[in-house]
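J.: One structure coming up, written as structure tokens, with questions to follow.
The values are calculated or read from the model by the stated rules, or taken from the named source; none is laboratory data. Note that this is a predicted model, so its numbers are computed, not measured. Here the Cβ is made from the backbone with ideal geometry for all residues, glycine too, and neighbour counts use every protein chain on show.
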Amino acid sequence: MTERQAQILSAIIEQYAEVAAPVGSVTLAKLFNVSSATVRAEMARLEEAGMIAQPHTSAGRIPTDKGYRFYVNRLTNAEDAAQVSDQPMRALSTRINQAGRADLAIRSAVDMLVDLTNNVGLATIGDQLYLNGFSRLFTRPEFLQSGPVHEVARLLDNIEPWLREAAPNEPLNVYIGSENPIGRSSGCSLIISRFRSPFSDFSYIGVLGPTRQSYREVMGLVSNAGTALEESF
């Protein structure tokens, strides 16, 4: 993939996350200051590579799971992947430090992630799983029909035993759409950070949200939440 194609893919993903509508060549042509024909040619190559798709008869394109994976891998390899603007990070740290007990700190961090991302927040506290934010998630356009909702519920029902069994070993783990071990057709991405807590060296905190989301921001928040929790204990 050329650098311009990678940039166009990133723009499609970020625009789609913001407007929840397929992204067309006219929008991208203005962004990159090139002709619509040039953008359409590049989009055709991205579609051939399986990175984007054309939903129904729309003139625009949306990212595929493969496209999201390419984008997330680039973020993971970038030096600024885990950077978050100061204000939400300060708010997150404040909530954690004001909590007192370790279990309350973890719950507070999850609640803050819900407020900041509008996703379902989750964390392991010993042998229990703390969840919050269902009402936020199910107002997203992706989950207005019952089918995806059932798949999300199935994923959440099984996430705690899966975490114990799989024990993801990266500090930040991102499972995109069909990569999820449970609920593969849920249209969700699971972003979790491993951290040490008084309960376990393999505690996890993260969010579950639609595949269409702002990965740069959410990955940074989740990563920093795990770090802030470790520093608070």
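J.: With 175, 204 as the choices, which residue is of a type in the set (Ser, Thr, Tyr) and under 26 Å from residue 98 (Cβ atoms)?
T.: 204
J.: Right, next: Could you pull out the residue among 46, 31 that is surrounded by fewer than 21 Cβ atoms within 10 Å (Cβ to Cβ) and among the hydrophobic types (A, V, I, L, M, F, W, C)?
T.: None of the others qualify; the one that does is 31.
J.: Just give me the residues in region 162-179 being hydrophobic (A, V, I, L, M, F, W, C) and either at pLDDT 85 or above or touching a helix residue (DSSP H, G or I) at 6+ places or on another chain (Cβ under 6 Å) (or both), in sequence order. Full working, then the answer.
T.: Kept after step one, since they are hydrophobic (A, V, I, L, M, F, W, C), are these residues of region 162-179: 162-163, 166-167, 172, 174, 176.
Passing the criteria: 162, 163, 172, 174, 176.
J.: Can you name the number of the only condition in (1) without any contact (Cβ under 8 Å) to a residue 24 or more places away in the chain; (2) over 23 Å from residue 218 (Cβ atoms) that residue 53 fails?
T.: (2)
J.: For region 185-200, which residues satisfy the criterion of being part of a loop (DSSP other than H, G, I, E, B) and modelled with pLDDT of 90 or more?
T.: Result: 196, 197, 198, 199, 200.
J.: Between 159, 182, which is modelled with pLDDT under 90, crowded, with 21+ Cβ neighbours inside 10 Å and out of contact with any Cys (no Cβ under 9 Å at 6 or more places or on another chain)?
T.: 159
J.: Looking at 109, 105, which is the one that is in contact (Cβ under 8 Å) with a residue 60 or more places away in the chain, of a type in the set (Gly, Ala, Ser) and touching a Phe, Trp or Tyr at 6+ places or on another chain (Cβ under 9 Å)?
T.: 105
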